[in-house]
Structures are given as C-alpha cells and as structure tokens.
C-alpha cells in the first residue's frame, strides 16, 4: 500500500508527464485542463486501489478502468506508465508521428486500455456491460468509470445510470470529475442540471462527495464499502497544478510553448510541495 | 424449433420473423451458453416467454434506451459473451448509430444487431417506425456484415451462422406475419453467398427480405409476357457476392428491388460495385423512393412505393423497352 506522500508523488509525475506530452505534441497541443484535474484520481486508482498486472494484461480478475471522458487521454497514458503498461520511450512518443497513443485513447489491452473513447457519454454503458459480464462470470473484479461533469450533459449517461441501478451493479463505481468547466464555459452557465448529487441519489447510488485532489479522501471514498453502486463526486480544479491553466475555460485544450512548458513544470513542483505541506 | 422440417417451414411462415426470434434464440442459447439475448423493451414482440423462463440469466432488457443497449452489449461482448441485440430496426441503427460506429465499427466488438420491422413492416405506425435507411447506416460501418433473410428458414439459418462469429453484424427482419415461403426445402446457406432462385435471360432481379415473394411473382408475370428474368436472393448486402455480380454483368438489365430509400441500400451497394468494374450492366433500382411515405397498411405501402408484383413487372418491362419509369 502506497503512503499518502507516495501517492502525491505519483500525481506529481502524472502531471509532469501530461505537461511533457502536451509540450512535445507541438502546435497540436492536448486536452491539458481535464487531464490535470484527474491526476490524483488516477494515482489513487492505479497506485493503491486497482488489481492489475501489466505482465498479464488479459488477467480475467483484473479491475477495469474506463475513461469515459476520454479526452483526458494524456492523463491515462501517464498513469499507465506509472502502472507499468506503457514504457518511458512510448510515453515520450505519445501524440506524435505513428504513436498508437492518440489524443483519444484506442482500445489496446496490451497497454492497459480497455476501450476506445472520444465520443462522450458512452463509457458508463460499457461499464454496465462489463460489470454485468463480470458478475455473470462470477469474477470479483471491480469496474471504475471516470466521467466528466460536463459529459453528464449526455443523455446516455443517465440511460446507463438507470441500468446500473436496475441491475444492482455493486461492482461498479462512477467517479465524476467535477471541475466545473466545459468547453464553452462554466458548467452552471452552459447547462445547469441542478444538484448532480440529487440525480445520482435518485438513481439509487450511494453518493460520496470528496476533494478530488486529496489522495486520502479519494482513497477512503473509492474503497468505502457500500450496499449500493457508488458515485463519487470529486470536486476538482480544471488545469490543477498549472497556474495559468487553473479554472481557465480556454485551457480545455491548448499548446505549450517552451516558455509555458517550463512555467508549467515549476507550477507542478510548487503544487506538489503544497500538497505535501512543505512551504518554502 | 430450429430443426428444418416441412412443418416448421409452414409454422415459421405463419409466425413471421419477429415471432420466430424468441424460440430460435432459446434453442441457440440452449446449445451455446455464452450467447446472450438483449433488447430495449421490445422483447414481447419476439414470443420470448419461453426463452426468458428457461434461460433468464442469458436475457438482458435495458428498457427504452437504445444507446445504452449498444454500449451494454459491447461491454458484455468484450467480456467474452456473444450478444444478439434486437429492437426496432430504425431506433437501433439510426438513433444509436454513433454507438454502433464507436463500439462495433471502431473497436470491432462483434455484437449481432437484429432490426425488427425493417423496411415498412410496421408502416401503419407511421414513418417513425419504418426502417428505410438501416442498410445504408450499417453498411458503411467497418467490420459490419449486413444480412437480410428472405424467409423464416433463412432467418433461422442466419442466426445460427452467427453464433460463433467474432465480427459485428446487422440482421434485418422484414414483413409481418404470414410471410412468403421462399425456400420450401433445406438449402445451403452461407453469409456472403447469393442464392439463385430462378433462371432467366432477359434481366436479373436482385432482391432480399420478404419482398422476394413479390419479386418472384413479378418474374412470373413477366414470363407470361415473354420476358424471362433470373431472380437472385442477395441476402448478404455486405460483403457482396462479387463473383455472382461479375457473372451477371453481361445481362441487358440488372434490377435491384428493396424496401429502403433509394439512397445507400442494396441498389447503391450493387451500383458501387459496378462503378469500379470494366463492364457494367444497365441498372434499374426499385426502392421505396426518396420520401418518407405516410402511414398505411403494409400492402398499401408497397403499392404507394411501386413495389407490388404487377408494378415491379411493369417497371421492368418498361425499362427493357427503353421507356421511362
């Protein structure tokens, strides 16, 4: 079991790799904002919670992670590097040339990617099928689906959420990245659906709100035993750790010049020290 | 149920495709426990009571939620099950097309889609319930096989042929109850291999689904007028039987007849094939046209679209005489 400090360190490395991949992609840039917001979520899942083995990629008992908000692919690649699925060399080539690691991930079990993504709203349905299939096969594996709060505009999310309730899929956990921003602006200004907790609760989920950048709170929430399927509403900051990108709508996607990249690295180190509670 | 006997052929014709489905799936699941049957709240159409009672663990109903149906089935397929998913053809292949595209086309997950009320079988419910673009929508999806069975026996053969298939497929069910018996006896069925139903030298008619009953009648009417037509059951629209299409390229006229809008269906598929060939026949594409018809009973809709046997015979005769249709 990794310590709090180790998980914070893992989130730091994930952020540094997100910044590096964004920078190395050149003028194309990458989805930096919504990738930075899930660094701790991925660190906790791959660092302490999920059961997996990069040496046995198709191990039936592995836990399954589905990144429904698949535009945060660079965060997933960085986490899969931490988990041992993607090599340093492969990560250094991501988003470039013939690399199989695109702006949206493509199904590639060898590298730990369970499903392709990119068209929003679809991951929770895949989670329903996966969780149902695991139960039918009598496997104890768990399914974790990361969705964006903006992505919850999609009706299919709610079709799938009703199915989670109906089939009683206790082996499935939804983690909502609540960074409060979507492409056109603030979540509440683009489309305000009311209190998201009420929606998930109404569909029979055990709703846990937590700070999505607090690794201990996340771990407690994700591992808490509940009688019902679980929805974790993680309050996060879009662009977290990068001063000029935090809470900036424009940084949904963006390119990092050399100057901005160096600034981002400095900011991420500062964010890391803050998280550890070390002050200059 | 899926045993091929004269009695079953008669029963299948009476039941129509949708009520063959449940009992056929029950037999398939009985021998293949990894097969699942999924639907979006249309299960009762398929006479599925016995299936649900016997194998409740192999049946998944997601409610009226076609997008989630595709995603859920894709997830199950990815876990090693072979999933048949059936609901209204148009809601399945138009409403959930992006889900089909991403999960079945892009990821290649081999879910077997079964569209009920393909064409105008439920046209009395209005154009919302007609599936007139389903072949077009599914045909352009990578990896997808597209099959339109002619009668009850061919539907059963198609369902059985897909039980171990790893690729995604779309099976279009057509007609209502009391569908024509195209095959009175057992025959060799193979996905992708067209079946000649009748020989002739003046024209070839390519068709599929229950419309073949009217096509065969049209061929008979034309025979009485001294025009002999070859009729071929092109049950698989994708992949096309290219060998057969090359064989018939020298005919004076190749006719396609389908319950589909003019664009993107069987006729388009055949025309696309010939467009790249050195020798191409003249074509006549008989279809439901270019508008959504107003609601009517099935037989009346066929008439509105010019797809009854006498109308098709006239249109083919005109085309052979060089007259406008």
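Every number in this text was worked out from the coordinates using simple rules, so none of it is lab data. Quick caveat, the model's predicted, so the values are computed rather than measured. Every residue, glycine as well, gets a Cβ built from its backbone with ideal geometry; the counts of neighbours run over all protein chains shown.
Under 10 Å, Cα contacts only: if you run a Gaussian network model on chain A, which one of A:101, A:205, A:167 comes out with the highest mean-square fluctuation?
A:167
Determine the calculated [θ] at 222 nm for chain B from helices alone, applying -39500 (n - 2.57) to every DSSP H run no shorter than 4 residues and normalising by the residue count; nearest 500 deg cm²/dmol.
-9500 deg cm²/dmol
Of A:89, A:246, A:216, which has the largest mean-square fluctuation in a 10 Å C-alpha GNM of chain A?
Ranking A:89, A:246, A:216 by mean-square fluctuation puts A:89 first.
Largest first, please: the extent of the C-alpha atoms of segment A:4-276 along each principal axis, to the nearest Å.
Per principal axis, max minus min of the Cα coordinates gives 51, 45, 34 Å.
Between residue B:296 and residue B:11, what length in nm is gained on full extension when 0.36 nm per residue of separation is reduced by their alpha carbon distance?
Length gained between residue B:296 and residue B:11: 99.9 nm.
Can you classify segment B:195-320 as rounded, prolate or oblate using the Cα gyration tensor, where a ≥ b ≥ c are the square roots of its eigenvalues, rounded means a/c under 1.5, and otherwise it's prolate if a/b beats b/c and oblate if not?
Oblate is the answer for segment B:195-320, as a/c is 1.5 or above yet b/c matches or exceeds a/b.
Of B:128, B:210, B:39, how do they rank once you tally other Cβ atoms within 10 Å and put the fewest first?
Least crowded to most crowded, the residues run B:128, B:39, B:210.
By what distance, in whole Å, do the Cα atoms of segment A:91-177 stretch along each of the three principal axes, largest value first?
Result, largest extent first: 44, 32, 16 Å.
Let me have the relative contact order for segment B:163-269, percent, based on Cα pairs under 8 Å that are six or more residues apart.
Contact order relative to length: 31 percent.
Report, to two decimal places, the Cα Rg of the protein assembly as shown normalised by 2.2 N^0.38 Å (N = number of residues).
That works out to 1.10 for the protein assembly as shown.
Sorted from fewest to most neighbouring beta carbons within 10 Å, what does the list B:231, B:255 look like?
Placing the least packed residue first, the sequence is B:231, B:255.
Mind checking the angle between helix B:6-15 and chain B's longest principal axis? C-alpha axes, 0 to 90 degrees, to the nearest 10.
90 degrees
May I ask for the angle, rounded to the nearest 10°, between helix A:123-137 and the longest principal axis of chain A, with both axes built from Cα atoms and the value confined to 0 to 90°?
Long axis of A:123-137 versus the principal axis of chain A: about 50 degrees.
State, as an integer percentage, the relative contact order of segment A:119-218 based on alpha-carbon contacts under 8 Å between residues 6 or more apart.
Worked out over segment A:119-218, it gives 27 percent.
Roughly how many nanometres apart are two label points built 7 Å out from the Cα toward the Cβ at residue B:64 and residue B:198?
4.2 nm
With every atom except the alpha carbons ignored, what do you get for Rg and Dmax of chain B, in angstroms?
Taking only Cα atoms of chain B, I get Rg and Dmax of 18.9, 59 Å.
Using the Cα atoms of segment B:6-172, I'd like the radius of gyration and the largest Cα-Cα distance, Dmax, both in angstrom.
In Å, with Rg to one decimal and Dmax whole: 14.5, 43.
When a footprinting reagent is the concern and you count Cβ atoms within 10 Å, what order do A:270, B:166 take, fewest first?
B:166, A:270
May I ask what percent, to the nearest 5, of DSSP beta bridges between residues of the protein assembly as shown are antiparallel?
15 percent
Starting from 0.36 nm per residue, how many nanometres of slack lie between residue B:54 and residue B:178 once their C-alpha separation is accounted for?
Fully extending the segment from residue B:54 to residue B:178 adds 41.9 nm.
Using a basic spin-label model with each label point 7 Å from the Cα along Cα→Cβ, how many nm lie between residue A:189 and residue A:153?
Those two pseudo-labels are separated by 1.4 nm.
With everything on Cα atoms, drop me the angle between helix A:258-276 and the longest principal axis of chain A, reported from 0 to 90° to the nearest 10.
60 degrees
How far apart, in nanometres, would the label points at residue A:28 and residue A:166 be if each is projected 7 angstrom from Cα along the Cα-to-Cβ direction?
The answer from the label model is 3.9 nm.
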